[in-house]
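To start, the structure itself, in structure tokens.
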Amino acid sequence: MAPPLEPLTATGLLSSRLNPLQNPNPLNPIFVGALSRRRRGNRNGGSRCNVLCTAMSPRPMYSSRYAILGAGFAGLSVAWHLLRHTQKGSHVCVDIFDENGIGGGASGVAGGLLHPYSPKAKLLWKGAEFWKECLELLAVAEQANNAQRIKETDCVDGGIVLRRGILRPATSQKNAEILIENASSCLESCILETLDEKAAQSLIPGLCARFDLAIYMPGAMSIQPKRYLQALFSACQNLANDQSKSTGKERIINLRTQHVSNLQQLSGEYDSVIVCLGARVNTLPELSGKLPLRTCRGIVSELHLPTASRGEYADQSPSILSDAWLAFQGPRQVYMGSTWDWNSKLYDQNVSKEECARATEELISRASIFYPEIRRWSLVGAKAGLRAMPPLTENGSVPLLGCLNDLIGDRTNCMFWLVGGLGARGLLYHGLVGKLISQAVISFDESVIPFEFIDWKKRMPCIVS
Ligand SMILES: Cc1cc2nc3c(=O)[nH]c(=O)nc-3n(C[C@H](O)[C@H](O)[C@H](O)COP(=O)(O)OP(=O)(O)OC[C@H]3O[C@@H](n4cnc5c(N)ncnc54)[C@H](O)[C@@H]3O)c2cc1C
């Protein structure tokens, strides 16, 4: 779906977009290219207008001003890719708005388990690309984190990624057969091994693999989501600084701890606004009730093995994934998740005592089927997050991307974009979706996004044509 083309003159468009104080350079080739592409439409259709570029006289430098709403996995990935891919030598300002700061939504609560497979060990749609892009962002964040740790020698522990692998025990005989079949076609960059119970127990003493089968993903990992997001933000700052120094054109990224109550308030300020508000996207009046998303609250409990108890979890032992998951953080610390409370609207990360007790009991009874030792661990606390679940398609739960101007009927020059519906796999998805939307934003061209991500728009009756 092509972005709508407003009936504005080039001068009108420019003067409303440009702030002369911020645009010292008389000619900006990116802007000319971007505008002409937008005016011409794209391969998805749209009207043609080639006059604008040739008719325009030299103009002040165009400075790209982007607003990203939300500092979770989606928002920070978009920030990184915008800085990375906007043409070198242009002034760029990226403002990230988040009322709760970095990782204040579902991303900060996520278990952080990362691999490209479905619960049946089938490679997800675009799994190889998701995996590759996600690993690249992790590497970027780890590099920034390590540099920070060297600078601040008193910094505590601080690792982001736990590379201990993940093990998935079969849940039934039928499930075991399916796992074996799917595991035979796995990615080279994230292999799957089938283990019998004895082999699985050599990795995890005390494990119970009732159907004598477990899938081992040695390359899978778990991350510390908040620490990761902080590091990714630092990486964005470092990139902006380096680019400013090397080109002499200022690049800047700001985090604004601010609530955004509607899109309209931003349209005069920015060239593009990218909405990455997770499950709260529906609270914007312009989008309320217009997106095909369901919400689902999940609780994660933190457990510790009491100091007096023996049976520490070995450093090399993988985390475990089944009807519940156990993401081990250290010999005596584990995150256990998660519950699925469909259609809940409860956004609060805090969990009441009753809710915590109920959820933990449910999770322990599920986890103890494959790891009975968990009953000896004690509850420390719990946190909750709200997932934004997209519709199920033939490709699985595909995130929702695209331009929003036709949906909200916006007639200003600001372009609005969505990265939403990251569901229960936002960590895996965020690298690729951030890259794709950035390419679309920079080129003003939605058609650079594979159609499966924007297909949801075809089914929306409220699209303004
Ligand atoms: C319990 C649980 C466990 C999970 N475990 C995993 C896992 O192991 N692996 C995995 O890949 N995925 C996991 N997920 C899914 C993953 O967390 C989500 O897919 C992902 O966090 C979505 O990221 P996001 O950036 O779209 O949204 P969010 O992280 O929710 O970010 C949205 C941000 O917008 C901000 N915001 C909202 N409204 C406003 C406003 N009006 N103004 C300003 N700021 C606003 C919020 O503060 C928030 O920081 C889990 C989810 C839950 C709930």
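The values are calculated or read from the model by the stated rules, or taken from the named source; none is laboratory data. Just so it is clear, the structure is predicted and the values come from calculations on it, not from any experiment. Counting neighbours? That spans all protein chains shown, and the Cβs are built from the backbone with ideal geometry, glycine included.
When the residues of the range 388-430 are filtered to those that are touching a Leu at 6+ places or on another chain (Cβ under 8 Å) and in a helix (DSSP H, G or I), which remaining residue is farthest from VAL281 (Cα to Cα)? By that ranking, first place goes to LEU428.
Looking across the range 321-357, the residues that are farther than 24 Å from GLY278 by Cβ and not β-branched (Val, Ile, Thr) come down to SER322, ASP323, LEU326, PHE328, GLY330, PRO331, ARG332, GLN333, LYS353, GLU354, ALA357. Screening the candidates SER246, SER288, SER272 for the property of being surrounded by 15 or more Cβ atoms within 10 Å (Cβ to Cβ) and assigned by TED's automatic domain parsing to the domain that holds LEU407 yields one hit, SER272.
Restricting attention to the range 391-407, does a residue exist that is closer than 25 Å to ALA71 by Cα and of a type in the set (Val, Ile, Thr)? The answer is yes, given that some residue of the range 391-407 is closer than 25 Å to ALA71 by Cα and of a type in the set (Val, Ile, Thr).
Any idea which of PHE451, PHE444 is more than 15 Å from the chain's Cα centre (by Cα), over 19 Å from ALA71 (Cβ atoms) and surrounded by fewer than 16 Cβ atoms within 10 Å (Cβ to Cβ)? Checking each option against the conditions leaves just PHE451. Given the options LEU113, LEU162, LEU179, name the one that is within 16 Å of the ligand (Cβ to nearest atom), over 16 Å from the mean Cα position of the chain (by Cα) and either within 27 Å of VAL398 (Cβ to Cβ) or not polar (S, T, N, Q) (or both). So the residue among LEU113, LEU162, LEU179 that is within 16 Å of the ligand (Cβ to nearest atom), over 16 Å from the mean Cα position of the chain (by Cα) and either within 27 Å of VAL398 (Cβ to Cβ) or not polar (S, T, N, Q) (or both) is LEU162. Taking each residue of the range 338-364 that is more than 21 Å from GLY105 (Cα to Cα) and looking for partners that are loosely packed, with under 12 Cβ neighbours inside 10 Å with beta-carbon atoms closer than 7 Å, six or more apart or interchain, yields ILE364/ARG375. Of all residues in the range 81-101, those being within 13 Å of the ligand (Cβ to nearest atom) and either of a type in the set (Asp, Glu) or buried (at least 24 other Cβ atoms within 10 Å of the Cβ) (or both) number 4. In the range 146-168, the residues that are loosely packed, with under 13 Cβ neighbours inside 10 Å reach residues that are at pLDDT below 90 with C-beta atoms within less than 8 angstrom, at least six apart or across chains, in these pairs: CYS155/GLN148; CYS155/ARG149.
Results for (1) more than 30 Å from TRP325 (Cα to Cα); (2) assigned to a helix (DSSP H, G or I), shown as yes or no for each residue.
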{"residue": "ILE215", "(1), (2)": "no, no"}
{"residue": "LEU229", "(1), (2)": "no, yes"}
{"residue": "LEU232", "(1), (2)": "no, yes"}
{"residue": "LEU239", "(1), (2)": "yes, yes"}
{"residue": "LYS245", "(1), (2)": "yes, yes"}
{"residue": "LYS249", "(1), (2)": "yes, no"}
{"residue": "ILE253", "(1), (2)": "yes, no"}
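Here TYR313 meets each of (1) of a type in the set (Ser, Thr, Tyr); (2) surrounded by fewer than 22 Cβ atoms within 10 Å (Cβ to Cβ); (3) over 19 Å from the mean Cα position of the chain (by Cα) with one exception, condition (2).
If I filter the range 203-210 for residues that are within 16 Å of the ligand (Cβ to nearest atom) and either touching a strand residue (DSSP E or B) at 6+ places or on another chain (Cβ under 6 Å) or free of Cβ contacts under 8 Å to residues at least 12 places away in the same chain (or both), do I get at least one hit? Looking through the range 203-210, none of the residues is within 16 Å of the ligand (Cβ to nearest atom) and either touching a strand residue (DSSP E or B) at 6+ places or on another chain (Cβ under 6 Å) or free of Cβ contacts under 8 Å to residues at least 12 places away in the same chain (or both). The combined condition, being of a type in the set (Gly, Ala, Ser), modelled with pLDDT of 95 or more, within 15 Å of the ligand (Cβ to nearest atom) and not assigned by TED's automatic domain parsing to the domain that holds GLU361, is not fulfilled by ALA240.
If you check GLY434 against the conditions, is it touching a Cys at 6+ places or on another chain (Cβ under 9 Å), at positive phi and within 13 Å of the ligand (Cβ to nearest atom)? Criteria not met by GLY434. Under the condition of being within 14 Å of the ligand (Cβ to nearest atom) and surrounded by fewer than 18 Cβ atoms within 10 Å (Cβ to Cβ), the residues counted in the range 407-422 number 0.
Report, by residue number, each residue of the range 287-301 that is charged (D, E, K, R) and away from the ligand (no atom under 12 Å from the Cβ).
Matches in the range 287-301: LYS290, ARG294.
Remark: pairs (first residue in the range 414-427, more than 16 Å from ALA79 (Cβ to Cβ); second residue of a type in the set (Lys, Arg); Cβ separation under 7 Å; 6+ apart in sequence or on different chains) = GLY423/ARG387; ALA424/ARG387. The residues listed here are GLY104, GLY70, GLY89; of these, the one that is at positive phi and modelled with pLDDT of 95 or more is GLY70.
Scanning the range 308-327 for residues that are away from the ligand (no atom under 13 Å from the Cβ) and among the aliphatic types (A, V, I, L, M) yields ALA308, ALA314.
Every condition in (1) surrounded by 13 or more Cβ atoms within 10 Å (Cβ to Cβ); (2) within 13 Å of the ligand (Cβ to nearest atom); (3) not acidic (Asp, Glu) is met by GLY396 except one, and the failing one is (2).
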